[in-house]
Structure formats: C-alpha cells, structure tokens
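Readers should treat all values here as calculations from the given coordinates under stated rules, not as data from a laboratory. Quick caveat: nothing in here was measured; it's all calculated off a predicted structure. Cβ placement follows ideal geometry from the backbone for every residue including glycine, while neighbour counts extend to all protein chains displayed.
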Amino acid sequence: MNDTPKKRFTYKLLEPISIAKNGQKVDATEIEISAPSFKNMHERGYIKTIINSTILDKTKDLSSEAIEKAEKIIEQKEEEQDDNDNSVEAAQMMMVIYAYRTPEEINKLFDTFYSLLIKTGKIDGEIITMPLIERIEPEELENLLGEYIVNFMIPSVMRQAKKK
Amino acid sequence: MAQQGQSSPQLLINNVAIQFVPNSLKYDTGNGEQDVVSQSGGGGTTETVYFDNDETKVGMVSFEMYTTVLALISHTDWKALGNANVIEYIDSGSNLSMVFQNAAQTNKSEFEVGDKKVVPFEFKSDPAITNV
C-alpha cells in the first residue's frame with residue numbers, strides 16, 4: 001500500500017461553470033482540492049465519522065466470506081497502486097452512504113463538504129466560493145464528494161485500521 | 001400583467017457574494033449617450049443627424065456598505081486588482097443577469113466610523129453583458 005498521504009487531486013467537471021477570472025467571465029472545469037489540514041479537523045472528523053459508521057453498518061450485513069473477498073480486492077488494488085481513476089469506487093462509496101445514512105446526516109455531510117471545498121479547493125486556479133458551488137450540477141457534487149472520500153478519507157481510515 | 005421591480009438583487013464581485021446597504025445599488029449598463037440634431041436642407045426642409053458618443057460607453061456599478069472590517073478588506077482587494085474585477089448582478093425575481101467585466105473601483109472611499117456609517121463604492125467597467 002502507498003503509505004504516503006495524497007496531497008491533492010483534480011476533478012474535471014463534465015458541465016463547465018462560469019467564473020470570474022482575470023477581469024473576465026470564463027468557463028471553468030478543473031477543480032483542484034488539497035488534502036485537509038489542521039485547520040480542517042472539524043470537517044475531516046465529521047466525514048470520517050460518517051465513513052466509519054457506514055463501513056461498520058455495511059459489514060454487519062455482509063457474510064464473513066464477502067468481507068474476506070472485499071479485503072483481498074483492496075489488497076490487490078493497493079499492490080497495483082492504480083489510483084488515477086477512482087470514479088467507480090467514488091460512485092460506489094456514495095451509493096453505500098446514501099443506503100446507510102439518514103437524510104439529516106447526508107445534509108450535514110454535504111454542508112461539511114462545501115465548507116471544505118471553500119477552504120481547500122480551487123477551480124481553474126480561482127478560490128471556490130459558495131456562489132460557484134451553487135452552479136455545479138448536483139450529480140457532479142455527489143461525484144466530487146465521492147472522489148474526496150476515496151482520495152483522502154478512505155486511505156486515512158485504512159492506514160489507521162492497519163496500525164491496530 | 002403586473003411587473004415586478006428589481007429590488008433584491010444579488011451582487012457578486014470576483015465570485016464572492018457582497019452584502020451591501022439595501023436600496024443603495026445603482027448601475028449603468030454603459031450604453032452611453034446619444035444625440036439627435038437637425039440640419040437644414042434649405043427651403044424649410046430639415047433632416048436629423050444621429051450621433052452615438054463612444055466616449056460615454058462605460059459601465060458603472062455603485063453601492064454602499066456599512067463600515068466594517070470586511071468592507072475595508074474588500075476595498076483593499078478591489079483596488080489591488082485594478083481593472084481585473086468582475087461584477088455580476090443577478091436579479092432574484094426574474095431571469096435578468098448582467099456581467100460587468102474589467103471593472104475597476106474608481107472612487108476614493110472614505111471610511112466614516114460610527115453608528116450606521118456607510119462607505120460608498122463605485123466601479124467603472126466594460127459595458128454590461130446582459131442576459132434576460
């Protein structure tokens with residue numbers, strides 16, 4: 001497993017949004033998000049809580065064979081170190097969260113994520129603000145949250161689980 | 001059908017929503033000044049000549065903010081950007097939106113400190129791009 005925490009990842013919007021940049025209004029697609037830092041401990045903590053409780057809830061529903069199979073798949077992926085395309089895992093992660101978390105938890109999860117986007121994200125080099133987040137299609141926001149979890153949160157959870 | 005006046009617009013400057021004093025916002029789309037004069041053809045005949053003054057085609061947005069630390073920080077940022085600010089005006093009651101590109105905060109802002117004191121801001125820009 002690649003034990004070095006990822007510092008940032010980029011996400012390309014399918015539908016560009018218009019932003020102000022260098023005195024002009026332009027279409028922007030590339031979102032770059034940095035890993036959470038000390039300043040984002042509250043937001044990071046809440047998302048990790050959601051992930052941990054979701055994983056716990058999901059594993060209760062799985063047979064021991066299914067859990068072993070999932071662990072083997074994770075180990076295989078770690079060996080391949082193919083972490084350039086996480087889109088499938090991101091979508092699957094969101095599906096599981098939607099299945100196991102309450103609407104109130106999901107609302108708070110997205111609010112927390114927006115706060116992280118504003119503090120750690122840029123779009124085509126410009127700082128992300130709430131008016132810009134409101135322009136992103138809802139499905140793309142879901143994908144973006146899934147990618148955030150897969151790129152930063154899941155590896156952190158896995159590293160901590162391995163230390164036990 | 002009764003029409004609704006523009007009374008509660010959203011103002012974004014450089015992608016940031018701005019809180020401003022209600023009813024203080026003004027804009028000029030930058031269509032400029034035109035004039036029509038008459039010229040004589042003799043024998044009592046006249047013909048009008050239309051002039052379109054390009055010199056006056058400058059967009060303008062002005063508003064007031066209460067004297068706060070945020071107002072001071074925003075003013076400093078806007079001045080630092082020169083004419084690289086972008087102002088978006090979005091009317092909540094209709095589909096109207098306007099963009100003022102290459103905007104510069106041109107006025108001298110005097111920050112008066114005290115109860116309900118306000119500071120005026122005026123921007124000049126390219127003529128507005130309007131979407132209705």
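Peptide B:12-18 shows a mean partner chain C-beta count of 5 within 10 Å per residue C-beta.
3J(HN,Hα) along segment B:23-40: 6, 9, 7, 10, 8, 10, 6, x, 6, x, 9, 10, 8, 10, 10, 10, 10, 8 Hz, from the Karplus curve 6.51 cos²θ - 1.76 cosθ + 1.60 with θ = phi - 60°, whole Hz, x for Gly and Pro.
Across chain B, the mean sequence separation of Cα contacts (distance under 8 Å, 6 or more residues apart), normalised by length, yields a relative contact order of 28 percent. Scanning residues 5 or more positions from A:Ala35 or on other chains, those with amide H under 5 Å from its amide H are A:Arg8, with H placed 1.01 Å from N in the peptide plane.
How many Cβ atoms of partner chains, on average, are near each residue of A:37-48 if near means within 10 Å of its Cβ? Intermediate values should be presented prior to the final figure.
Numbers: counts 0, 0, 0, 0, 0, 0, 0, 0, 0, 0, 0, 0.
Shielding by partners across A:37-48 averages 0.
When the listed pairs A:Lys122/B:Lys57; A:Lys7/B:Lys79; A:Lys122/A:Lys162; B:Lys57/B:Lys79; B:Lys79/B:Lys116 are checked against a 28 Å cut-off, the alpha-carbon distance exceeds it for A:Lys122/B:Lys57; A:Lys7/B:Lys79; A:Lys122/A:Lys162.
Sort segment B:93-132 into rounded, prolate or oblate with this rule: let a ≥ b ≥ c be the square roots of the eigenvalues of the Cα gyration tensor; rounded if a/c is under 1.5, and if a/c is not under 1.5, prolate when a/b is larger than b/c, oblate otherwise. Verdict is oblate for segment B:93-132. GNM remark for chain B: springs join alpha carbons under 10 Å apart, and the peak mean-square fluctuation among B:Asp91, B:Asp35, B:Asp52 falls on B:Asp35. With the simple spin-label model, which puts each label point 7 Å out from Cα in the Cβ direction, the A:Ile127 to B:Asn131 separation comes to 2.4 nm. Other protein chain C-beta atoms within 10 Å of residue C-beta, averaged over A:18-29: 5. Could you let me know the centre-to-centre spacing of segment A:96-164 and segment B:67-132, using Cα atoms, in angstrom? After rounding, the separation between the Cα centres reads 32 Å. For the protein assembly as shown, the share of alpha carbon pairs falling in successive 10 Å distance bins from zero is 5, 21, 23, 19, 14, 9, 5, 2, 1, 1, 0 percent. For segment B:72-120, the spherically averaged projection of the C-alpha convex hull amounts to 4.6 nm².
Within segment B:1-53, the percentage of alpha carbon pairs spaced more than 19 angstrom apart rounds to 62%.
Over the alpha-carbon set of segment A:8-55, divide Rg by the Kirkwood Rh and report the Rg/Rh ratio to two decimals. Don't skip to the answer; put the middle values down first.
Working: Rg = 15.5 Å, Rh = 13.4 Å.
That ratio is 1.16, to two decimals.
Taking label points 7 Å from Cα along the Cα-to-Cβ direction, B:Val58 and A:Ser18 give a separation of 2.5 nm.
In this simple spin-label approximation, A:Phe38 and A:Glu105 carry label points 7 Å from Cα along the Cα→Cβ vector, and these lie 3.1 nm apart.
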